[in-house]
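Structure first, then comments.
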Amino acid sequence: MIPSVRRITAVCALSAALAACGTAGTSGTARPAHARPAAPASPSATRPPVLSPGPGGLTPVFEHGPRTLGKTVALTFDADMTADQGPRAASGEHFDNPDLIGTLRTLKVPATIFMTGRWAEQYPAQARSLGHDPQFEVANHSYSHYAFTDNCYGLPTVGADLMRKDVERAYAALRTAGVPDALPYFRFPGGCYDRAALRALNGVGVTAVQWDVVSGDAFATDADAVARQVLDGVKPGSVVVMHCTRSAAPTTERVVRTVVPELRRQGYRFVKVSELIGETSGHR
């Protein structure tokens with residue numbers, strides 16, 4: 001989760017006990033090379049665009065689309081749940097947010113959902129519904145929501161030898177839940193990565209998807225402040241990170257109700273991440 005901040009580098013003070021979230025600052029951001037289609041980690045009939053691997057097959061990283069190809073913006077939502085949060089869900093804590101998804105449908109806003117495998121296991125009906133709804137695309141946010149680097153906002157860490165297995169386990173959990181075509185896009189838990197993490201995923205066929213606009217919805221109580229932060233940050237081609245976790249991001253649905261009509265009034269068109277990556281693929 002990302003608290004209300006202005007800079008990506010000052011995000012998400014998240015303890016392991018309250019790791020109900022997802023995205024934070026990055027480290028060692030790799031600049032993507034010219035993109036081309038590649039085999040996805042999870043089978044997909046549509047072969048969505050991905051970025052080309054870097055030198056030595058290093059996993060590429062995508063942050064935003066071209067700034068010069070029109071006023072497009074992608075809203076992304078992290079559906080977060082860590083591997084050890086089952087008891088909290090069983091006791092009534094909501095890691096889902098059906099009202100948010102309903103609002104996106106009502107407003108006809110396409111969106112990309114980065115889903116952990118554990119979230120899909122906990123909410124299979126919702127995962128299946130999102131996976132079959134053409135308004136949305138579902139991508140990988142790891143199985144465990146444990147960090148892929150050390151010192152990532154208090155999250156437990158995944159060993160380098162288990163990183164690939166964690167990503168592959170997430171795809172398996174999504175398929176089991178009924179998501180037929182999870183995209184070959186991966187968002188690092190906490191947004192934390194380094195070259196070693198990118199190298200560990202070499203050959204998986206994923207593009208790591210970050211963002212350029214932090215919403216600040218994690219743990220926020222002032223929906224207006226979050227909305228202002230989004231509106232102040234959006235540029236053509238932006239990727240906005242928000243959360244689909246009601247207990248830890250309770251204002252997000254209200255933020256969407258404010259942000260969407262205002263950005264449309266400004267001439268923005270909402271797209272999925274795959275469209276921005278596709279635009280990047282053909283833009284030199």
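The values are calculated or read from the model by the stated rules, or taken from the named source; none is laboratory data. Remember, predicted model here, so these are calculated numbers, not experimental data. Quick reminder, even Gly has a Cβ in these numbers, built from the backbone with ideal geometry, and neighbours come from all protein chains shown.
Determine if region 175-191 includes at least one residue that is assigned to a loop (DSSP other than H, G, I, E, B), closer than 18 Å to Y146 by Cα and among the aliphatic types (A, V, I, L, M).
First, pick out the residues of region 175-191 that are assigned to a loop (DSSP other than H, G, I, E, B): 178-184, 187-188.
Remaining after also requiring closer than 18 Å to Y146 by Cα: 187-188.
From the residues that got through so far, the ones that are among the aliphatic types (A, V, I, L, M) too are none.
Looking for residues that are assigned to a loop (DSSP other than H, G, I, E, B), closer than 18 Å to Y146 by Cα and among the aliphatic types (A, V, I, L, M), one finds none in region 175-191, hence no.
Look through G102, G92 and report the one residue that is over 21 Å from D181 (Cα atoms), out of contact with any Cys (no Cβ under 7 Å at 6 or more places or on another chain) and not in a helix (DSSP H, G or I). Outline the logic, then answer.
Values: G102 fails: not in a helix (DSSP H, G or I).
One residue alone meets the criteria, G92.
Being surrounded by fewer than 21 Cβ atoms within 10 Å (Cβ to Cβ), outside any helix (DSSP H, G or I) and on the phi < 0 side of the Ramachandran plot is the filter here; which residues of region 242-269 pass it? Selection gives R246, S247, P250, Q266, Y268, R269. Scanning region 156-168 for residues that are in contact (Cβ under 8 Å) with a residue 40 or more places away in the chain and under 17 Å from the mean Cα position of the chain (by Cα) returns V167, E168.
Scanning region 205-242 for residues that are at pLDDT 95 or above, within 24 Å of P156 (Cβ to Cβ) and aliphatic (A, V, I, L, M) turns up V206, A208, V209, V214, V241, M242.
Can T112 be described as among the β-branched types (V, I, T), in contact with a helix residue (DSSP H, G or I) (Cβ under 7 Å, 6 or more places away or on another chain), more than 21 Å from E275 (Cβ to Cβ) and buried (at least 21 other Cβ atoms within 10 Å of the Cβ)? No: the conditions fail for T112.
Would you check which residues across region 220-241 are under 17 Å from the mean Cα position of the chain (by Cα) and either outside any loop (DSSP other than H, G, I, E, B) or closer than 20 Å to D80 by Cα (or both) and list them? Result: V230, S238, V239, V240, V241.
Go through region 222-238 and report how many residues are touching a helix residue (DSSP H, G or I) at 6+ places or on another chain (Cβ under 7 Å) and of a type in the set (G, A, S).
Step one: filter region 222-238 for residues touching a helix residue (DSSP H, G or I) at 6+ places or on another chain (Cβ under 7 Å), giving 223, 226-227, 230-231, 234, 237.
Among the residues that remain, those that are also of a type in the set (G, A, S) are: 223, 227, 237.
Matching residues across region 222-238 total 3.
Could you please let me know if A197 is out of contact with any Lys or Arg (no Cβ under 8 Å at 6 or more places or on another chain) and modelled with pLDDT under 95? No.
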